[in-house]
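Visitor: Below you'll find the structure I mean.
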Amino acid sequence: RRIVTLGGSVTEIVYALGAGDRVVGVDASSVYPEAATEKPNVGYFRKVPAEGVLSLNPSLVLALEGTGPPTVFEQLRSAGVRTVKVSEVPSVDGAKQKIQTIGDLLGRSARADSLIAAMEDDLAAARALRAEASSTPSVLFVYARGSGTMNVAGRGTSAASMIALAGGENAITGFEGFKPMSAEAVVEAEPDVIL
């Protein structure tokens, strides 16, 4: 198959499952592994042009939930391209489900099971380290995409989940998702760490 992956986590999982040789195109958020950056880039996954994807002659488009605009999928399907949207739940269970779903789609279920087992081992090691910690730092996650575009992570984000897994506490609890925040509001949040 010729696969186009849309969404950084989808791309990472496809490569981790050993199917990177099937990838013929990626989106701008697919920056890992390095081999993915050598593939043709079709733009950012939330604003994908159907023409760019179709020019790569894919047989399968694996897209992270939230990829769009919706009309792109209608165009891809009418061109006969199989498209699958992969659920995005920012949690460990959500990551496991994503790995399993992609593994099943690519005929690599056993490899997906191994990847999930390795992830569980890493998480156990992280929990052991966290148990030794003497404090729970307040962490502010800043997402900066170029000058003038800076957002911080609130509840329900992958950043908030990662902070919790690392033994920290998200400094922003007043909203869900990513939102812009003024420098004054950042200071007022009093984070111990800015990530």
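The values are calculated or read from the model by the stated rules, or taken from the named source; none is laboratory data. Just so you know, these numbers come straight off a predicted model, no measurement behind them. As a convention, Cβ positions derive from the backbone with ideal geometry for all residues, glycine included, and neighbour counts pool all protein chains shown. With ligands, DNA and RNA removed, areas are computed over all heavy atoms of the protein, side chains included. Shrake-Rupley method; radii C 1.70, N 1.55, O 1.52, S 1.80 Å.
Visitor: Check cross-link reach from LYS179 to the aspartates and glutamates: straight Cα distance under 19 Å, and skip same-chain residues fewer than eight apart.
Guide: Partners within reach: GLU88, GLU169, GLU188, GLU190.
Visitor: Another question about this same structure. Which value in deg cm²/dmol, rounded to the nearest 500, describes the helix-derived mean residue ellipticity at 222 nm for the chain, given -39,500 (n - 2.57) per DSSP H run of n ≥ 4 and division by the residue count?
Guide: -12000 deg cm²/dmol, from helical runs alone.
Visitor: Now a separate question. Taking the Cα centroid of the stretch 126-171 and of the stretch 92-107, what is the distance between the two, rounded to the nearest whole Å?
Guide: What the calculation gives is 24 Å, centre to centre.
Visitor: Students often forget the sequence filter, so: which lysines lie under 22 Å Cα-Cα from LYS85 once same-chain residues fewer than 8 apart are removed?
Guide: The qualifying lysines are LYS39, LYS47, LYS96, LYS98.
Visitor: Could I ask something else about it? Could you work out the local net charge near SER135, counting Lys and Arg as +1, Asp and Glu as -1, over the other residues with Cβ closer than 15 Å to its Cβ? Write down the numbers at each step before the final one.
Guide: On the way: positive: ARG130; negative: GLU132, GLU169, GLU190, ASP192.
Every neighbour counted, the sum reads -3.
Visitor: Residues of the chain: accessible area per residue at 1.4 Å, in Å²? Don't skip to the answer; put the middle values down first.
Guide: Numbers: 10490 Å² over 195 residues.
Value for the chain: 54 Å² per residue.
Visitor: Test of understanding: what is the full-extension gain from ALA118 to ASN41, defined as 0.36 nm times their sequence separation minus their Cα-Cα distance? Working shown, then result.
Guide: Working: separation 77, 0.36 × 77 = 27.72 nm, distance 2.96 nm.
Using 0.36 nm per residue and subtracting the Cα-Cα distance, I get 24.8 nm.
Visitor: What net charge do the residues around ALA164 carry, taking every other residue with its C-beta under 14 Å from that of ALA164, with Lys and Arg at +1 and Asp and Glu at -1? Could the numbers behind the result be given before it?
Guide: On the way: positive: ARG127, ARG130, ARG155; negative: ASP93, GLU169.
Charge balance near ALA164 sits at +1.
Visitor: With a 1.4 Å probe and every protein chain left in place, tell me how much accessible area TYR15 has, in Å² to the nearest 10.
Guide: Accessible area of TYR15: about 40 Å².
Visitor: With the contact rule set at Cα under 8 Å and sequence spacing of 6 or more, what percent relative contact order holds for the chain?
Guide: About 15 percent, as a whole number.
Visitor: If you count only protein heavy atoms and use a 1.4 Å probe, how large is the accessible surface of PHE178, to the nearest 10 Å²?
Guide: 90
Visitor: Then there is this: Charges only on Cβ, +1 for Lys and Arg, -1 for Asp and Glu: so what's the dipole of the chain about the Cα centre, in debye to the nearest 20? Mind showing how you got there, number by number?
Guide: On the way: 18 positive and 22 negative charges, 175 e Å.
In debye, rounded to 20, the chain gives about 840.
Visitor: Another question, if that's okay. Where the accessible area of the stretch 22-163 is counted over protein heavy atoms with a 1.4 Å probe, how much of it, in %, is carbon and sulfur? Let's see the in-between values first.
Guide: Numbers: 4060 of 7600 Å².
For the stretch 22-163, the apolar C and S fraction of the accessible surface comes to 53 percent.
Visitor: Under 12 Å from the Cβ of ARG82, count the other residues' Cβ atoms, weight Lys and Arg +1, Asp and Glu -1, and hand me the total.
Guide: Residues near ARG82 contribute +4 overall.
Visitor: Oh, and also: Among PHE178, SER78, SER158, whose Cα projects farthest towards the positive end of the dipole of the chain, with charges put on the beta-carbon of Lys, Arg (+1) and Asp, Glu (-1)?
Guide: The one lying farthest along the dipole's positive direction is SER78.
Visitor: Just need the Rg to Rh number for the stretch 1-59, please, alpha carbons only, Kirkwood Rh.
Guide: Working: Rg = 10.1 Å, Rh = 10.9 Å.
On the Cα set of the stretch 1-59, Rg over Rh gives 0.92.
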